[in-house]
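The values are calculated or read from the model by the stated rules, or taken from the named source; none is laboratory data. Given the structure is predicted, the values throughout are model-derived calculations rather than measurements. Here the Cβ positions follow ideal geometry from the backbone for every residue, glycine too, while neighbour counts run over all protein chains shown.
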Amino acid sequence: MLNTGFLKFLIQPVTSVVFLVAVSIAVPSASLAQRQPGFPTAQTTSPNPEPRLQPTQTTTIDTNYSLGGGDRIRVNVFEVPEYTGEYQIPPGGAINLPLIGSVPLLGLTTEQAADEIARRYSRFLKRPLISVNLLSPRPINVLVAGEVTRPGSYTLNLQGGAGDNPGVQYPTVLAALTTAQGVTLAADVTQVQLRRKLGRSASEQVITLNLKELIQTGRLPQDITLRDGDTIVVPTATTFNVAEARNLFAANFAADQTRPRTVAVIGEVNRPGSYLVTTGSTDGQAGGTSGSGLPNITRAIQLAGGITPQANIRTITLRRPTRVGSEQTIDINLWQLLQSGDINQDIIVQDGDTIVIPTATEVNPAEATQLATTSLSPARIQVGVVGEVKRPGAVDIQPNSSLNQALLAAGGFNDARASRATVDLVRLNPNGSVTKREVKVDFSQGINEQTNPILRNNDVVIVNRSGIAKTGDTLGTIAGPLGVIFNILRFFGI
């Protein structure tokens, strides 16, 4: 850009007119700073805490390009070609020019740089005419913080060129978020902040971007081009909306959908523990599902062996850690998913989540039977039926099956030897303890905790001998040695 000294030169008569026409034809633009109309706006602030903008508030954001270390520029000194040249700005931001020496350009626009160089040359040249062109901009260094997968500092390369090749493409906010491996599901994408320092001053501009609006309307002005030194902050959501979280999961600036995520599943599941949840098949685990699928809460439950009959699927809790050290608590009602098809209840999980399946205070037999046929329950469970039954051993039964059904699966009581009044139920509890209780058997009763309880995986049912069988076995034990003695006496003819 021509500096202010050039205006004085134009006051001269005919010579200035001829020169102006020549310059308008031959002189390239001094600055290639991107000035894109329609951008969301920002507010200029000092280093003190800045006011946050609402998503609908806008002012104009400064898109001027500030020079810095790594930029390659051309300084044109008109009518003095020996002073004209190309320069790579060093990290300190000052270049050495003929006659005037070191000139600091850090934080200046190309226009400001031209004025500063002209001011210094004015001590040696009469009416110096200076222009500064940006030939090759430096890489963009930005900081991405908050709810992203990998917060930190990133160097983003430019596409195309600048100056002689004006097709340069500067990286955008979405490009920075993608480089940081996407926003987490705990993010509030309606309040994303872009912070930009202003030249050499300590103040900065802060703009609030609503990336949800970008998803819904495709308004590209929300995706601002970045400048070196910009900071992007993705805040943590104060509330959680399951429908919006599913939409965010599908956005191109969210974390990679196919990336495995480690999730803990505790409470009323058959195999509590930590699992690696991915998209795709669960290899027949806990429900026999196969094919493609999302890394959602039902998938994590299937990997944990499915729910137990005592699970309360109406009040499931998901605990999600955030980047600020807090924890989001999300209430989930999978019964609503099963009854009304509310797929938003089956939320997408992310790395570090903990799913808590509580114990039901009361089990409804009808609901238990219905749950046994869903993918939340395992396809089959295994219990042991030992003692006086016709086919003792391990039996595979449907989840939420009762004690009576397990006895029938083992062939029923062994005639004349089984104690039909009571059986022993041995159970390994989640805390590692073992309980044993006596259950009165009544095949005429439906499911109930007293006479026909629902069994859990790895339960053992012991069918004891009847009194007659015990007496007969005792006599048989005694008669065994006596028979040997009688045979010996008979051998010797006694």
Restricting attention to segment 151-167, the residues that are at pLDDT 60 or above and either among the β-branched types (Val, Ile, Thr) or not in a strand (DSSP E or B) (or both) number exactly 6
If we ask which residues in segment 270-280 are in contact with a Pro (Cβ under 9 Å, 6 or more places away or on another chain) and assigned to a strand (DSSP E or B), their number turns out to be 2
Restricting segment 407-444 to residues that are polar (S, T, N, Q), part of a loop (DSSP other than H, G, I, E, B) and free of Cβ contacts under 8 Å to residues at least 40 places away in the same chain, the one farthest from residue 368 (Cα to Cα) turns out to be 433
Being touching a Lys or Arg at 6+ places or on another chain (Cβ under 9 Å) and of a type in the set (S, T, N, Q) narrows 136, 122 down to just 136
Item to check | Condition check for residue 106: closer than 22 Å to residue 127 by Cβ and in the same structural domain as residue 129 (by TED's automatic domain parsing) | outcome: no
Flag for residue 363 being in contact (Cβ under 8 Å) with a residue 40 or more places away in the chain, aliphatic (A, V, I, L, M) and in contact with a helix residue (DSSP H, G or I) (Cβ under 8 Å, 6 or more places away or on another chain)
no
Taking segment 223-268 and the residues there that are within 30 Å of residue 309 (Cα to Cα) and touching a Pro at 6+ places or on another chain (Cβ under 9 Å), the one that is surrounded by the most Cβ atoms within 10 Å (Cβ to Cβ) would be 265
(request) Answer with yes or no whether residue 144 is touching a Phe, Trp or Tyr at 6+ places or on another chain (Cβ under 8 Å), at pLDDT 95 or above and crowded, with 19+ Cβ neighbours inside 10 Å. (result) yes
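Quick grid of which residues meet (1) loosely packed, with under 14 Cβ neighbours inside 10 Å; (2) under 18 Å from residue 138 (Cα atoms); (3) of a type in the set (Asp, Glu):
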| residue | (1), (2), (3) |
| --- | --- |
| 71 | no, yes, yes |
| 76 | no, no, no |
| 95 | no, yes, no |
| 98 | no, no, no |
| 101 | yes, no, no |
| 116 | no, no, yes |
| 120 | no, no, no |
| 123 | yes, no, no |
Every listed condition ((1) modelled with pLDDT of 90 or more; (2) surrounded by fewer than 20 Cβ atoms within 10 Å (Cβ to Cβ)) holds for residue 275 save (2)
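Results for (1) assigned by TED's automatic domain parsing to the domain that holds residue 400; (2) over 30 Å from residue 356 (Cα atoms); (3) within 16 Å of the chain's Cα centre (by Cα); (4) assigned to a strand (DSSP E or B), shown as yes or no for each residue.
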| site | (1), (2), (3), (4) |
| --- | --- |
| 193 | no, yes, no, yes |
| 208 | no, yes, no, yes |
| 228 | no, yes, no, no |
| 240 | no, no, yes, no |
Taking segment 89-135 and keeping residues farther than 25 Å from residue 203 by Cβ and touching a helix residue (DSSP H, G or I) at 6+ places or on another chain (Cβ under 6 Å) leaves 98, 100, 118, 127, 128, 129, 130, 131
Scanning segment 347-366 residue by residue, the ones that are of a type in the set (Asp, Glu) and either in contact with a Ser or Thr (Cβ under 6 Å, 6 or more places away or on another chain) or more than 23 Å from residue 318 (Cα to Cα) (or both) total 1
- Residue check for residue 95: β-branched (Val, Ile, Thr) and not in a strand (DSSP E or B): no
From the option list 107, 152, 101, single residue qualifying as without any contact (Cβ under 8 Å) to a residue 40 or more places away in the chain and under 30 Å from residue 84 (Cβ atoms) is 101
